[in-house]
1. Under 8 Å for C-alpha pairs, at least 6 residues apart: give me the relative contact order for region 131-254, rounded to a whole percent.
2. Computed over the Cα atoms of region 268-452, what is the convex hull's projected area averaged over all directions, in nm²?
3. Can you tell me the 0 to 90 degree angle between the C-alpha axis of helix 439-454 and the longest principal axis of the chain, rounded to 10?
4. Using a cut-off of 13 Å between alpha-carbon atoms, which aspartates and glutamates can reach K79, once sequence neighbours fewer than 8 places away in the same chain are excluded?
5. Given a cut-off of 20 Å, name the pairs among K327/K399; K23/K230; K23/K70 whose C-alpha atoms lie farther apart than that in the structure shown.
6. Sorting check: for 72-84, 371-383, which peptide has the highest mean count of neighbouring beta carbons within 10 Å, and how do the rest follow?
7. Looking at region 4-114 from every direction and averaging, what is the projected area of its Cα convex hull in nm²?
8. Based solely on its DSSP helices, what 222 nm [θ] is calculated for the chain when runs of n ≥ 4 H residues each add -39,500 (n - 2.57) and the sum is averaged over all residues, nearest 500 deg cm²/dmol?
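The numbers here are math on the coordinates, done by the rules we state, and not lab data. Predicted model only: the values in this text are computed from it and were never measured. Backbone-built Cβ (ideal geometry, glycine too); neighbour counts: all protein chains shown.
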Amino acid sequence: MAGVESILPISEISSYHSRWTIKARVTNKAAMRTFASRTGGGEGKVFHVELLDQHGGEIRATFFNNAVDKFFNVLEVGKCFVFSRGTVKIAKREFNPCNHRYELTFDKDAIVAPAADDANIASFQFNFADLRSVQTKTLPAKVDLCGIVSAFKPTYGFSSQAGKQLVKREITIVDDTCNSMEITLWGERAQLPDSQFEGCPVVALKGVLVKEWNNGRSGSLMQEGIFETKPSVPEAARVQQWWNQGGSTSAISAMSVSGGGAVGRNAKDATFAEIRQAAEALPETPETFNVVCRLALVQTLKQGQRQPLSYKACSAPREGTSLLCNKRVDENGSCPVCGSVGRGVSRLNVRCRFVDHTDGSWLTTFHEGAVKVLGMEGDEVFDLEKNSVGEENQQLDDKLKERYYQGTPMQLTVRAKTDTYQGEARPSVTCLDSRPVNRAEHGRRMLGEIHQMLGVSTA
């Protein structure tokens with residue numbers, strides 16, 4: 001085995017070093033997979049590990065074919081090894097989260113030998129990206145994140161298409177760039193008690209896979225990833241300080257879009273004046289539109305009486321499906337539809353007035369859209385309503401007023417259809433989803449409209 005004096009720090013590895021030896025701890029190990037050989041020689045095998053040394057240098061190492069046979073069962077997460085006779089190449093950053101310009105590959109000539117455990121080598125290392133930078137990353141991307149848990153959903157069990165029983169939980173994290181993103185936790189992490197997520201704790205996540213979903217960006221903590229609550233890292237202290245000093249009341253830009261993937265996919269861009277005209281034509285089939293607007297008012301009173309904005313819904317799964325019942329439960333948590341008894345989940349159902357430069361409209365806004373419009377989760381609204389005295393709820397009203405005409409304009413996805421009430425057909429327009437407008441995309445669309453009005457070619 002090479003002597004200690006010949007060990008090269010990982011940070012110094014480059015294409016200029018043809019012979020080197022490193023000592024590192026395996027901090028992550030991917031599953032082995034097979035691939036079709038380009039040379040027609042049958043199937044190939046590959047897996048990769050992530051390595052960390054005592055100087056804090058990290059690098060990804062990928063093993064192919066014969067090296068897989070020799071070292072897949074040898075390399076264990078948490079143990080230290082000495083590595084040599086590998087090839088150095090430029091890292092593919094879209095797939096490689098390690099903070100190194102290069103990555104290593106090992107084949108049949110590789111040498112890997114166990115080494116005594118070294119207390120100077122950490123078990124893992126975070127390389128945090130803030131949520132603002134995640135907005136511009138090429139997807140899919142693998143990142144480490146540190147933020148505040150601003151919201152979380154109940155644990156949810158379902159069957160995969162292959163019949164495997166899965167458990168997940170979705171949390172929303174926000175950081176000091178005033179951006180938020182939904183992240184899915186799986187398995188044991190999803191089944192952590194609710195108390196781990198209550199009170200807006202700081203969390204650190206290593207190995208979050210970010211993908212595009214429903215015209216937004218959402219994350220999923222990978223199986224080999226790491227989840228820590230109240231981590232002892234400088235980034236956690238910084239985010240916590242921001243949250244305590246006003247971040248909790250800041251206007252947050254949501255990167256994730258809840259709801260089904262088809263919501264808004266084929267929606268037409270329109271103004272409120274155009275949507276009103278379409279709705280009054282009483283369409284036979286529902287039509288979906290996207291409209292850029294601002295929140296003007298939330299209906300809190302009806303005929304002089306306080307209008308509830310939230311209710312408790314059944315969280316039991318529907319029989320034979322992976323969907324939740326979502327029917328309103330009584331004060332005891334009993335569901336009149338499926339008969340289950342338990343703690344209901346807070347849901348929002350709000351009447352909001354939105355306006356653009358052409359018109360305004362009162363829209364019934366259901367939970368997923370209402371959360372983003374109000375900037376509050378269902379539990380927060382429910383608690384404010386529950387703790388109010390009589391018809392007065394000044395704290396809730398003040399929070400609502402902070403959202404009127406403020407921040408980034410919203411892009412709503414709305415549906416216009418014909419309803420029948422007491423035998424009479426009438427138009428109905430509802431808000432399906434809401435998200436901050438993408439200014440660059442919206443600007444390009446408006447520029448295209450100007451060119452069209454002027455008869456100018458955009459070619």
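1. This gives 29 percent for region 131-254.
2. 13.5 nm²
3. Helix 439-454 sits roughly 60 degrees off the main axis of the chain.
4. Output for K79: E50, D53, D117, D118.
5. Cα-Cα > 20 Å for K327/K399; K23/K230; rest within.
6. For the peptides 72-84, 371-383, the packing ranking is 371-383, 72-84.
7. Mean orientational projected area (region 4-114, Cα hull): 7.0 nm².
8. Result for the chain, helices only: -4500 deg cm²/dmol.
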